[in-house]
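S.K.: Take a look at the following structure, please.
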Amino acid sequence: MNEQTEKKKAFLPEKKKMEALGRLSCKVAHDFNNILGAIEGYATLALNAARADDPVREDLREIRGAVAKAAALGKQLMAFGGRQMMRKAPCEVNGLIEKALKREELAAGGTFKVEARLEPGLPGIIADAAQLEQVLANLLLNAKEAMPGGGTASVASAAVRLEGGAVNSPKPEEAGTLFVKLSVADSGSGLSPEDLEHLFEPLFTVVKKGAGAGLGLAAVYGVVKQHNGWVEVKSEPGRGSEFVLFLPAAN
């Protein structure tokens, strides 16, 4: 009993930290988007006022393109904070996995391959299909980056029943006991305990500098949380990593 109590207490500070980071991320993203809106507006006005042959038009288009990229980062910060707009509807996880695997950036070939083990007849879920497809893409890209020399990643789905302390949903009373479990695993170098502690924080990354903004896994955490689900990570240095998502099945 004492050991279980200690484990439960150890989990609470982590939860509070993520909630505090989520609130901060939403505040930063909100202010960031207001500034970007002003830049976009003035760039558009200047572009409309410029002559057709004015070379400044190309510079203004570059500014608008940079604003669009920055706005996409703002959306990922909002996703981490659990404030991303959702359009939820009944959907099927295996179909989302198959769509994600067809993305150009994840095209199998060369030294990187993906094995899919999808359980047929899974219960449906209520979800924003586009957001969850992006979550899957982020996890698969993360697996690809974890194996720069090539390797095989795996993606799997299954239905599981969980009760009591095994359910880590933000609102367990609404989650029920039937879940769709989705996992993405790689055979890369794995993660240290220190990396695991900060893994889902915005801007934290274990890949080389210049490879990304470090928001992919933060967005995964936020989007899954908005679906009343949770993410578990299994990893050891030198033994690869596995990200496991649990999503409540539709009633």
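Values in this text are rule-based calculations from the coordinates and carry no lab data. Values in this document were obtained by computation on a predicted structure and should not be read as measured data. Neighbour counts are summed over all protein chains in view; Cβ atoms, including those assigned to glycine, are modelled from backbone coordinates with ideal geometry.
S.K.: Sort out for me the Cα centre separation of the stretch 164-186 from the stretch 120-139, rounded to whole Å.
M.R.: If you average the Cα positions of each part, the centres end up 14 Å apart.
S.K.: Extending each Cα 7 Å along its Cβ direction at ARG87 and ARG61, get the distance between those two points in nm, one decimal.
M.R.: Each label point is offset 7 Å from its Cα along the Cβ direction, giving 2.8 nm.
S.K.: Distance check, please: which entries in LYS88/LYS234; LYS144/LYS234; LYS171/LYS234; LYS69/LYS102 exceed 25 angstrom between their Cα atoms? Provide the component values of the computation, followed by the final result.
M.R.: Working: LYS88/LYS234 29 Å; LYS144/LYS234 17 Å; LYS171/LYS234 23 Å; LYS69/LYS102 23 Å.
The pairs that break the limit, which is 25 Å between Cα atoms, are LYS88/LYS234.
S.K.: Let me ask another. Determine the gain in length on full extension of the stretch LYS171-LYS102; use 0.36 nm per residue of separation and subtract their C-alpha separation, reporting nm with one decimal.
M.R.: Details: separation 69, 0.36 × 69 = 24.84 nm, distance 3.30 nm.
In short, 21.5 nm is gained.
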